[in-house]
1. Might you report the magnitude of the Cβ-based charge dipole of chain A about its Cα centre, with Lys and Arg at +1 and Asp and Glu at -1, to the nearest 20 debye?
2. Identify, among A:ALA77, A:PRO32, A:ALA62, the residue whose Cα sits farthest towards the positive end of the charge dipole of chain A, taking +1 on the Cβ of Lys and Arg and -1 on the Cβ of Asp and Glu, with the dipole about the Cα centre.
3. Give, rounded to the nearest 20 debye, the magnitude of the charge dipole that the range B:56-117 has about its Cα centre when Lys and Arg contribute +1 at Cβ and Asp and Glu contribute -1 at Cβ.
4. Show that you can apply the helix-only estimate: for the protein assembly as shown, add -39,500 (n - 2.57) for every DSSP H stretch of four or more residues, divide by all residues, and state [θ] at 222 nm to the nearest 500.
5. Could you work out Rg/(2.2 N^0.38 Å) for the range B:102-174, with Rg from alpha carbons only?
6. Using alpha carbons only, how many angstrom separate the centre of the range B:209-224 from the centre of the range B:134-152?
7. Cα to Cα, under 16 Å, and not fewer than 8 places away if on the same chain: which aspartates and glutamates meet these conditions relative to A:LYS76?
8. By what distance, in whole Å, do the Cα atoms of chain B stretch along each of the three principal axes, largest value first?
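Each reported figure results from applying straightforward, stated rules to the coordinates on display, with no laboratory input. Predicted model, so just to flag it, every value in this text is computed and none were measured. We place every Cβ from the backbone using ideal geometry, glycine too, and count neighbours over all the protein chains shown.
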Amino acid sequence: MEKIAVSSEGPDMDARVDPRFGRAAGFIIIDPDTMAFEYVDNGSSQVMAQGAGIQAAEIVAATGARVLLTGFVGPKAFQALNAAGITIGQNVDNLTVREAVQRFQAGDVPVADAPNSRGHRS
Amino acid sequence: MIVAVASGKGGTGKTTVSASLASVWPSPVVAVDLDVEEPNLHLFMNPDISAQDPSYIEIPEIDDEKCTRCRACTDICQFKAIGIFGEVVMTFPEMCHGCGACWTICPEKAITPGKRELGQILSGRSGPSAFVMGRLRVGEAMSPPLMRDVKRHLNSGNGYADRDIIIDAPPGVSCPAINAVMDADVIVLVTEPTPFGLYDLALAQQAFAPLGKPMGVVINRADIGTRDVYDHCQKTGLTILAEIPYQRDIAEAYAKGQIIAAAVPSMRALFETLVGQIKTLHGQPSMAREVKHA
């Protein structure tokens, strides 16, 4: 199955899902077949004055993940993730990364067709 | 001489002072509204606008065939106006500040400058004064490039060359405010004697001091508030150039969209004195030495 990226507050499967996409602490990239994962830091996006969502989308695209689970995605990041062919599961919040993946695998995370955050510049 | 009328705090009376200075200045001036996000000098000067020119910023256009996805452009861009997502290259024109780094660095020459409209430059006359204003397009976030374009317009002839220029600056102390005052010979800071006025006056003073320009203060609504602004000016060596009283006839003239120096006799006298004060300030050595104390 395709790799899943989850915005995360920490480096392991029991970390909380970071509800912010662009300014998430990092991303856990999971191979759903083996549940093997790696952590990709997003600190470089967190410090940006603008364009954090665009840069975070670049980082996620570079991992090869085809699915993203996160809380809120702004309009530019949404556009970028769409361009990269990444399926977005939004409003994933108040869960651990592991729980988020389980919920996605159970089919309980609907695929977003529009951004759910207004972003900071529009 | 270029006089910039600025303030840290908004609503202190920059436009009131700018319009009045233009109306009493001994020779015809160019009155310039550089508060491009919400220009309002025209409401008082009622200019006849004779030209309206669009202003553009240069933004990247990428030739997808030539692009090798080397990432040089997206790495150098400080504003994420170009993103590369896997094999997909995208531009985000509204993020672009028009610096040109991307098409300069592109090894394949795959990026060429296109354009995005920033707003309009309107010019005309108001009595003997020439009038120029920038007006940012609704939805546009970047005002300094439009302000630079307005300033280029001022340098492009149009009979402005021999005139003194009065700039109505945007409030605040960020890039637009700095952009409006950086070419001035004298900065007039308009404030009010309130804690808000004082706080933002001090910020503006600190922000503009490194430019090394002579600065003076006009205190508006001078009878309200406290003496703290006066104490601050004395302590930091800022000259108080004029005090506009908190007076009903001034407020009424303003509310009717009149220029107070033209409508209220005592104000004509006050602004004529202010012109003299500004000219004296212009002749004085700069405040650069104050930088380290600011």
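1. Details: 10 positive and 14 negative charges, 110 e Å.
With only Lys, Arg, Asp and Glu charged at Cβ, the dipole is about 520 debye.
2. Most positive-ward Cα: A:ALA77.
3. On the way: 7 positive and 10 negative charges, 33 e Å.
For this selection, approximately 160 debye.
4. Numbers: 15 runs with 132 residues, N = 416.
Here the helix-only value at 222 nm equals -9000 deg cm²/dmol.
5. On the way: Rg = 16.2 Å, N = 73, 2.2 N^0.38 = 11.2 Å.
Dividing the Cα Rg of the range B:102-174 by 2.2 N^0.38 Å gives 1.44.
6. Between the Cα centre of the range B:209-224 and that of the range B:134-152, the gap is 25 Å.
7. Within reach: A:GLU58, A:ASP113, B:GLU94, B:GLU140.
8. Sorted largest first, the three principal extents are 69, 45, 32 Å.
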